[in-house]
Every structure is written in C-alpha cells, then in structure tokens.
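The values are calculated or read from the model by the stated rules, or taken from the named source; none is laboratory data. This structure is a prediction, so every number in the text was calculated from the model and none was measured. Here the Cβ positions follow ideal geometry from the backbone for every residue, glycine too, while neighbour counts run over all protein chains shown. Surface accessibility is based on the protein's heavy atoms, side chains included, excluding ligands, DNA and RNA. Shrake-Rupley method; radii C 1.70, N 1.55, O 1.52, S 1.80 Å.
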Amino acid sequence: MTVGTSGAQKASRARDVRGTTASPSRRGDVAAAAEADLGAESGVDPAAGLGALGVDPDDLPDGLVVADEHGRVICFNAAAARITAVPAAEVLGRRLESALPLEDLEGRRWWQLTDPYGGLAIRNGQPERNLLLHGGREVLVSARYVRTKPTGPVHRVVVSLRDTEARRRTERSHAELIATVAHELRSPLTSVKGFTATLLAKWERFTDDQKKLMLETVDADANRVTRLIAELLDISRIDSGRLEVRRQPVDIGAAVGRHIQAYVTSGQPADRFLLRIEHPLPALWADPDKIDQVLSNLLENAVRHGEGTVTIDVTPSASPRERGSDENTANAANAVNAATSVTVSDEGTGIPEESMNRVFTRFWRGSKRGGTGLGLYIVKGIVEAHGGSITVGRAPGGGAEFRFTLPVGTPAYLL
C-alpha cells in the first residue's frame, strides 16, 4: 500500500536529490518528479525514489533527462550536461525537443519522428540508437515512456544519453584486428597457393630436393595460418571471459627444458640458454597446453628480440593475492610455496620505460616489426585465467624481464 506524503515531506526528500542547478523551489519539483519516476522503475516505493536509495542523479554514469507530462524538462543531470555541453540551468523548463535537439543519421528530427506524447498509446519507449546532437556530435540515446496506466497518456519521458567514444575505440580495435589478420593471412596463403599450383603444373620438371623444399615451405606456411587462427580463437575467448583452463599436474621445469631443447635442435647454441630451478617447487596444477603457449611466446620474444644469454628462473613464490595483502610475516612465510614464478630475461636493449604499460595490449610490437602483436596479449589472458599475474621490467643484464606467477590451483576435489 502506498502511503501519502505531505508537501513538506516531499520537499525534505527532494533536498537529498540533486542533478540540476535550478532555484531551490524548482529543484524540489525536479527532484520529486525524478524520484517518483525512477523509484517506480526500480521497484522502490514511488514516494521514496532515489532519495531512499541514497542516489544522486549527478552520480549516475549516463546522462539522464526527464520531461514531464507537458514535455518540459524537469531533470538534467551532470552527465547529460557534460555530454551535451549545455548547462542544466539553460534547459530546465524548456520543451524537450528544444532542450535536447536530436537528429538521426539522415538529418531528420528525431522527436518529430518518435512523437512520444502523441504517438501510439501502446509504445513504451525507444531502443538505444546512434543520434546526432546539435553540431553533429554522435551520442547513444534510449528513451522510456512512463504512463500512469498501460495505454494512458505519457506521464514522463525518461531519456538516457551515453557517449560513443568507448564504442568507437572498440570498433577501431576490431577494425585493426581484421586488417592485421587479413595482412598476416595473405602472405602464407599466397605462398601456399603459388607453390601448390607450380607443383601441380610442372611436377616432372623439379628434382626431388626441389619438391621437398617447396612442400616444406607449404607446410611451414600452413602451420603459420593454423597458429594465427588459434590466436584469434584465444582472443575471442579471452575477451568474452570463456577461456577454459583444464588443470592437470604440470612439471614447469621440464616444460621449460623441452622448449629450450627445441631451440637447440633448430640451431640455437645451447650455451645461449640458462635454466635455473629452485627446489622444492610446489605441486602446480595448470593447463599444460596453455602453459606451453605462455612459455613459447616468452622464449620466442627473448630469442628473437633479445640478445646474449636467455635466462629462465623457476622459483617457488607466494600467491599473487597474498603478496599484495597486509598479512603478518608468519602467514607470509607459511604461504611461500603457494605459487610458482617463472622469470624470462635476456641481455638485449630491453623495452623503453614509456612502452612498458603497453606491452600486454593488442598489436604491440615494440621497435622491431614482425608477428601479429597478439602474443603477449594472449599470454596475459592465459596467466590471469589461471588466477596468476604477469609483469614486465628491466633485467639485471639490461634486457627485458618477464615474470609470471601461477598459484598452485589444486582442484577442489583433491583438497
């Protein structure tokens, strides 16, 4: 049951809800209206509204514009003033279509098209869409029509405004990803197509050694395409939070050793790698395939972009959460084996200080071009999916130093 309130009680609550720069009397009317409408939408007693929730319209992250039953603006919060670049005092009391002139992307006046007060009585609002403010600035707009009864007249029009800059950044990132993928696919596919077409047309003209060389090139390029597709799938899963971690016992020292042996077999000098393992290591439960992917990326970066000896240190460590907490020394000592840290460093020129905060972003390639620039972004996503952390800094020898820490992660059914 809704309990009636006096004008004095409403004015008292209205003083708790701001969002305009109108006069005190006008502020009370605006706040009471906004409280009633938004309180009804949230399931709170309309007599209480935002004030009962302790929410100020100016605290809302999106722009909020409310018009009364006559189409005049009664609420214009701080975010709306920022997005439209118009002070609230200039629009309060004005007609909605005048205070908030909006056009669609074809230049048509949006309020005339939608006609919230004279349109269909069954319409409850407008979905979010891109519209233009005066001056051509693009914003995301959605509207809700509040009626006193299902097909009754519009009592309030509540408009939400959002800046499009974040969406534009996402769209630019997606466009850059598509362009990068197209570029990276073109080269190996052109090579595969060229060699296979040549072999099919002139098979008898080539010696066995020449055929073998061509087929090895085709195989390498096919592997490159497969790796790129796997990276794209990983990025999709990381961005959507669907990266699955299938934990198994992992011998991290042996895993590093396998990668080093692969480099030595491919022609790298054995003395270029230094593996140091501090025992005893905790029993690590992680996804072995994904850990191999992390190690592969970090070692490849050190070999390709670094110089001198590539040093890999595997040590027991406190878990990322405990290292960041204020636990006492005894607790920290008991937790020292809660995680394993792997540090990969080289003796090259290292990463410039101003670039370190961009190392784990998409498409970062440093001073040397080559690759998609997605590897370290994926590495960070994999490590964080395990509940770990990764950092970059300067190695003692002057090169780059990457350090990732993985918590033990023992499955619950084994605890």
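List the extent of the Cα atoms of segment 72-133 along each of their three principal axes, largest first, rounded to whole Å.
32, 24, 17
Please give the peptides 160-171, 204-215 ranked by average Cβ packing (other Cβ atoms within 10 Å per residue), highest first, as a rough proxy for protection.
Working: 160-171: 13.8, 204-215: 10.7.
Sorting 160-171, 204-215 by mean packing, highest first, produces 160-171, 204-215.
Please list, in order along segment 303-311, the HN-Hα scalar couplings obtained from phi with the Karplus expression 6.51 cos²θ - 1.76 cosθ + 1.60 (θ = phi - 60°), rounded to whole Hz, x for Gly and Pro.
Each residue of segment 303-311 in turn: 6, 6, 9, x, 9, x, 7, 9, 9 Hz.
Taking only the alpha carbons of segment 198-291, what extent do you get along each of the three principal axes, in Å, biggest first?
In descending order, the Cα extents are 60, 41, 19 Å.
Within the set of other residues whose C-beta is less than 9 Å from the C-beta of residue 307, count the net charge using Lys and Arg as +1 and Asp and Glu as -1.
So the environment of residue 307 carries a net charge of -2.
All other residues with a Cβ under 15 Å from the Cβ of residue 104 taken together, and with Lys, Arg as +1 and Asp, Glu as -1, what is their net charge?
That sum, taken over residues with Cβ under 15 Å, equals -2.
For an R0 of 45 angstrom, estimate the FRET efficiency from the Cβ-Cβ distance between residue 246 and residue 213 and round to the nearest 0.05.
The formula returns an efficiency of 0.70 here.
Quote the accessible area belonging to residue 76 in square angstrom, nearest 10, computed with a 1.4 Å probe and with ligands, DNA and RNA left uncounted.
Its accessible surface works out to 0 Å², give or take rounding.
Based on the mean of other Cβ atoms within 10 Å per residue, sort peptides 240-247, 55-62 so the most packed one is first.
Top of the packing list down: 55-62, 240-247.
Let me check against my output: what whole-number percent is the relative contact order of segment 102-170, with C-alpha pairs under 8 Å and at least 6 apart?
Details: 102 pairs, mean separation 17.7, N = 69.
This gives 26 percent for segment 102-170.
Give the share of C-alpha pairs in each 5 angstrom bin for segment 141-255, from 0 to the last occupied bin, in whole percents, shortest bins first.
Per 5 Å bin, starting at zero, the Cα-Cα P(r) for segment 141-255 comes out as 2, 8, 10, 10, 9, 9, 9, 9, 8, 6, 5, 4, 3, 3, 2, 1, 1, 0 percent.
For segment 160-285, what does the relative contact order come out to in percent, with C-alpha contacts under 8 Å and a separation of six or more?
Here the relative contact order equals 23 percent.
Give me the Kirkwood hydrodynamic radius of segment 241-288, using the inverse of the mean 1/r over all pairs of distinct Cα atoms, in Å to one decimal. Show your work: numbers first, answer last.
Values: mean 1/r = 0.0786 Å⁻¹.
Result for segment 241-288, one decimal place: 12.7 Å.
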